[in-house]
Amino acid sequence: MAAAPRRSYATDEELLARVLAPYKEHCAYLRSAEVTASDGLASARCAFAIEESCYIDDTGHLNSVEVNIAYNQMMYYLVAKSVKERLLTGFEDWTLDDFWRHQLPDILIARFAANFRRPVDPRRFTGEMEFRSVTRRTSGAAGPFLHAPTVFRYQDAHGGRCNGEVTLAFVNVP
């Protein structure tokens with residue numbers, strides 16, 4: 001059977017603003033995100049800018065805290081856009097109202113690993129992430145959840161590189 005054609009979606013400015021609403025203004029790093037999807041999986045290519053670190057003096061490079069914050073913003077947008085457009089396996093029955101309700105309390109990072117290859121300029125860099133799979137699982141008394149391994153990478157115009165793997169758990173799912 002032939003693979004489904006890839007669908008691509010430019011940045012949805014209204015959706016992006018809503019996804020970033022929980023962040024303090026100086027911590028909203030995600031500037032744009034193009035989402036692509038095929039065969040029940042989705043990915044995003046994003047642009048970021050961190051004008052000033054939200055917690056530390058300027059280190060001159062993207063650090064692990066900012067890598068995590070940027071990942072969260074990229075992931076939240078990708079999931080929200082996937083819910084809106086019905087792109088991602090496991091979220092077929094979700095509405096955007098479901099996403100907004102689950103965004104902060106029920107989307108957990110179960111495992112986070114990052115590899116810093118060359119320093120990345122935080123003032124202007126790009127990032128990509130993709131869902132490798134989404135499976136429904138059950139954890140005893142905790143009930144059903146969605147298990148989602150993802151990968152990400154960041155780079156800048158000067159050869160800076162960082163990549164990693166993140167396992168997500170979407171808990172309290174119907």
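List of remarks:
- Of all residues in region 112-135 being in contact with a helix residue (DSSP H, G or I) (Cβ under 7 Å, 6 or more places away or on another chain) and within 14 Å of Leu168 (Cβ to Cβ), the one that is least open to solvent (accessible area, probe 1.4 Å): Met129
- Matching entry among Asn63, Asn115 (being polar (S, T, N, Q) and at pLDDT below 95): Asn63
- Residues of region 44-70 that are crowded, with 23+ Cβ neighbours inside 10 Å and either of a type in the set (Lys, Arg) or within 12 Å of the chain's Cα centre (by Cα) (or both): Ala44, Cys46, Ala70.
- Checklist (1) at pLDDT below 95; (2) open to solvent by 10 Å² or more (accessible area, probe 1.4 Å) applied to Leu96, failing item: (1)
- Extreme residue, farthest from Leu104 (Cα to Cα), among residues of region 13-41 that are in a strand (DSSP E or B) and open to solvent by 10 Å² or more (accessible area, probe 1.4 Å): Ser38
- Residues that are hydroxyl-bearing (Ser, Thr, Tyr) and either open to solvent by 10 Å² or more (accessible area, probe 1.4 Å) or farther than 14 Å from Ala148 by Cβ (or both), drawn from region 71-90: Tyr76, Tyr77, Thr89
- In the set (1) hydrophobic (A, V, I, L, M, F, W, C); (2) open to solvent by less than 40 Å² (accessible area, probe 1.4 Å); (3) at pLDDT 95 or above, the condition left unmet by Val173 is number (3).
- Scanning region 136-151 finds one or more residues that are within 23 Å of Ser32 (Cα to Cα), touching a residue at least 12 places away in the same chain (Cβ under 8 Å), surrounded by fewer than 17 Cβ atoms within 10 Å (Cβ to Cβ) and in contact with an Asp or Glu (Cβ under 6 Å, 6 or more places away or on another chain).
- Selection from region 154-169 of residues that are surrounded by fewer than 16 Cβ atoms within 10 Å (Cβ to Cβ) and either in contact with a helix residue (DSSP H, G or I) (Cβ under 6 Å, 6 or more places away or on another chain) or closer than 30 Å to Trp94 by Cβ (or both): Glu165, Thr167
- In the set Ala37, Ala42, Ala28, only one residue is farther than 17 Å from Val151 by Cα and either in contact with a Leu (Cβ under 7 Å, 6 or more places away or on another chain) or charged (D, E, K, R) (or both); that residue is Ala28.
- Scanning region 1-12 for residues that are open to solvent by 50 Å² or more (accessible area, probe 1.4 Å) and at pLDDT 95 or above yields a total of 2.
The values are calculated or read from the model by the stated rules, or taken from the named source; none is laboratory data. Keep in mind that what you see is a predicted model, and the values were worked out from it rather than measured. Because the Cβ atoms are built from the backbone with ideal geometry, glycine has one as well, and the counts that use them run over all protein chains shown. Please note that ligands, DNA and RNA were not included when accessible areas were found on the heavy atoms of the full protein model with its side chains. Shrake-Rupley method; radii C 1.70, N 1.55, O 1.52, S 1.80 Å.
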